[in-house]
Amino acid sequence: MAVRKLPYKNLAGVTTCPGGWLVLPARMAGITVTAEECFVVKRLFDVLDHRPTFDAAAIDAPMGLKDHPDGPWRPCDVDARQYVGWPRAAAIYGVPSRQALEESTGLGASRHEKWMNGADKRRFRWVREAATELQPYHSRRFVPAHPDVSFTAMNGDQQLKTSPWHDDGRRERLELIRAQLPGIDDVVTRTPPVGAHPKMLLDAAALLWTARRQAGRAISRFPLDPHWDSEGMRTELVR
């Protein structure tokens with residue numbers, strides 16, 4: 001019996017939040033993207049196993065890791081930091097090696113990665129979970145992205161100087177969302193679900209924009225020359 005093809009694609013922008021993982025799901029029919037209500041799940045597994053399956057999803061989590069400590073930045077991180085420019089480059093954090101991710105806590109990982117600061121240690125649980133759950137076959141549907149990279153691309157490759165934590169930065173990003181994803185601003189200006197912050201709804205919208213580009217096979221990648229890690233995962237950030 002033939003499987004009936006749906007007249008739309010399921011998309012998602014996924015970012016970390018205090019409650020776990022914030023998901024902004026949407027449906028794309030033609031060029032029209034219609035967002036659904038944001039929700040928070042505790043485990044990344046629940047994102048990867050979500051039903052209906054996401055046809056394209058951009059996730060703020062690293063895919064592709066160094067095996068051993070060798071400084072904070074992968075080549076894709078270096079390119080992305082240069083792309084978003086100062087001061088937003090500071091929001092693109094270093095990524096621990098697989099050796100460090102074998103530790104159970106950020107403090108333990110910092111014994112291997114001397115560059116890790118307090119923010120890196122707090123992020124460790126999400127990075128470790130992503131390293132465990134994301135496998136090479138997931139890259140057919142999920143791509144690693146970053147909200148600041150997405151917003152810069154939405155802004156015509158022009159660097160943003162404002163902070164998303166401040167009112168002027170929030171307004172600037174909302175205008176980009178209104179221009180690039182009409183109607184989505186109504187969803188991401190609602191009260192966030194428990195475990196998430198209003199700023200993270202804007203991040204998820206920017207990632208959803210990248211997921212739409214992914215669905216249309218219009219993404220570009222950092223770095224330009226492909227690189228795979230020792231486990232077959234492509235080491236990259238997309239926009």
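A dipole drawn for the chain from +1 and -1 charges on Cβ atoms has a positive end, and of P69, F142, F222 the residue lying farthest that way is F142. Distant-in-sequence amide contacts of S163, defined by a placed amide H-H separation under 5 Å and a gap of 5 or more residues or a different chain, comprise G169.
Bridges between two residues of the chain, per DSSP, are antiparallel at a rate of about 75%.
The HN-Hα couplings worked out from phi for the stretch 42-57 by the Karplus form 6.51 cos²θ - 1.76 cosθ + 1.60 (θ = phi - 60°) are 6, 10, 5, 3, 5, 6, 5, 9, 4, 10, x, 4, 6, 6, 8, 8 Hz, whole numbers, x standing for Gly and Pro. Here the stretch 1-117 is treated with +1 on each Lys and Arg Cβ and -1 on each Asp and Glu Cβ, and its dipole about the Cα centre works out to around 240 debye.
Just give me a number: lysine pairs in the chain, eight or more positions apart or cross-chain, with C-alpha atoms less than 23 Å apart.
Details: K42/K121; K42/K199; K66/K114; K66/K121; K121/K199; K161/K199.
Lysine pairs satisfying the spacing and distance rule in the chain number 6.
Run the Debye formula on the Cα coordinates of the stretch 153-239, all scatterers equal and no solvent, and tell me log10 I(q)/I(0) at q = 0.16 1/Å. Log-scaled intensity ratios, in q order: -0.74. For the stretch 79-117, chymotrypsin sites (Phe, Trp or Tyr not before Pro) are listed when DSSP marks them as loop and at most 12 other Cβ atoms sit within 10 Å of their Cβ; the list is W115.
For the stretch 14-91, the antiparallel share of DSSP beta bridges with both residues in that region comes to about 90%. As a proxy for reagent exposure, T162, T53 were ordered by neighbouring Cβ count within 10 angstrom, fewest first; the result is T53, T162. Ordered by the number of other Cβ atoms lying within 10 Å of each residue's own Cβ, fewest first, F151, F45, F54 fall into the sequence F45, F54, F151. For the stretch 7-239, a Kirkwood hydrodynamic radius built from all Cα pairs, placed in the Stokes-Einstein relation at 10 °C and 1.306 mPa s, yields a translational diffusion coefficient of 90 µm²/s. Only one residue of L24, L101, T53 has its Cα farthest out toward the positive end of the dipole of the chain, where Lys and Arg carry +1 and Asp and Glu -1 on Cβ, and that residue is T53.
Read-outs throughout are calculated quantities, based only on the coordinates presented, and are distinct from any laboratory measurement. Quantities reported herein were computed from a predicted structural model and do not represent experimental measurements. Methodologically, a virtual Cβ is constructed for each residue, glycine included, from the backbone with ideal geometry; neighbour enumeration extends over all protein chains shown.
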